[in-house]
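One structure is given here, and the rest of the page talks about it.
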């Protein structure tokens with residue numbers, strides 16, 4: 001039988017006992033009498049009540065503990081949610097700040113890149129200017145050296161002119177008792193070898209005969225000192241008294257001597273076209289490589305020489 005049915009039977013029996021007692025008891029105060037006569041006896045039903053009460057108490061305690069635990073958990077969850085919300089807000093603010101910092105950094109980087117490009121272009125311009133100035137300085141130094149060389153040659157020429165005073169005709173240059181005339185003036189037209197020699201004979205002289213290396217260097221330096229420093233061209237040479245028109249390859253001076261030492265340019269004489277039989281000296285860069293064979297009819301300048309006449 002279930003506990004609820006036992007409990008019901010016990011309650012019904014108790015009420016029956018109370019009704020029977022009321023029927024056989026007479027009292028002036030029946031309510032008081034009923035109250036004193038209702039007692040709970042110790043027995044199985046009493047233990048059942050106690051167990052039920054204890055169970056309900058335990059359940060209440062358990063429920064209370066659960067409720068308290070849930071409340072604490074809910075509070076913790078609420079605190080955590082609040083903290084998360086706060087952290088999320090802070091994180092959002094930090095992200096916004098980082099984005100702003102990143103934008104500023106990108107702008108600064110772009111500005112620095114532009115400045116670097118400007119500086120690079122400026123450096124390149126300065127380097128180009130420096131190269132130009134270096135080149136101009138080098139050219140100026142070269143010109144200064146040339147001017148110094150020309151100055152030295154002019155001094156040498158001046159000394160020759162001073163030594164020439166009273167010994168050579170005007171516009172002639174003296175060296176070792178020999179007077180030389182250089183037809184460098186543009187007023188004097190170029191002529192062939194034979195016509196140039198005639199101009200020398202008119203001055204009681206003859207075309208140049210070079211007898212030594214010293215004389216060759218002197219002729220070369222004098223051409224430079226007289227500012228006759230033109231680029232190489234067939235028309236910029238000066239006739240000498242040297243030919244091989246009788247025997248090809250046998251170069252003979254006007255005084256009848258055979259040339260034994262020549263100062264020819266590289267590859268010369270080559271008798272180009274088979275009729276280059278007269279020799280000329282040119283103001284080249286190397287005094288020992290300045291001769292060239294030229295057709296005798298080619299119009300050139302010339303150099304005359306004559307010995308100093310010593311009067312008694």
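The values are calculated or read from the model by the stated rules, or taken from the named source; none is laboratory data. What you see is a predicted model, and the numbers here were worked out from it, not measured in a lab. So basically every Cβ, Gly included, is an ideal-geometry build from the backbone, and we count neighbours across all protein chains shown.
Observations on the structure shown:
Listed here are the residues, each with its yes/no results for (1) touching a residue at least 40 places away in the same chain (Cβ under 8 Å); (2) in contact with a strand residue (DSSP E or B) (Cβ under 7 Å, 6 or more places away or on another chain); (3) surrounded by fewer than 18 Cβ atoms within 10 Å (Cβ to Cβ); (4) not in a loop (DSSP other than H, G, I, E, B).
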| position | (1), (2), (3), (4) |
| --- | --- |
| 241 | yes, yes, no, yes |
| 245 | yes, no, yes, no |
| 248 | no, no, yes, no |
| 255 | yes, no, yes, no |
| 260 | no, no, yes, no |
| 269 | no, yes, no, no |
| 280 | yes, yes, no, yes |
| 283 | yes, no, no, no |
| 286 | no, no, yes, no |
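- Among (1) outside any loop (DSSP other than H, G, I, E, B); (2) surrounded by 13 or more Cβ atoms within 10 Å (Cβ to Cβ), the one test that residue 184 misses: (1)
- Residue 195 vs. criteria loosely packed, with under 10 Cβ neighbours inside 10 Å and modelled with pLDDT of 90 or more: no
- Test: residue in region 216-238 that is closer than 17 Å to residue 297 by Cα, surrounded by 17 or more Cβ atoms within 10 Å (Cβ to Cβ) and at pLDDT below 90: yes
- Failed item, numbered, when residue 210 is tested on (1) buried (at least 21 other Cβ atoms within 10 Å of the Cβ); (2) within 12 Å of residue 301 (Cα to Cα): (2)
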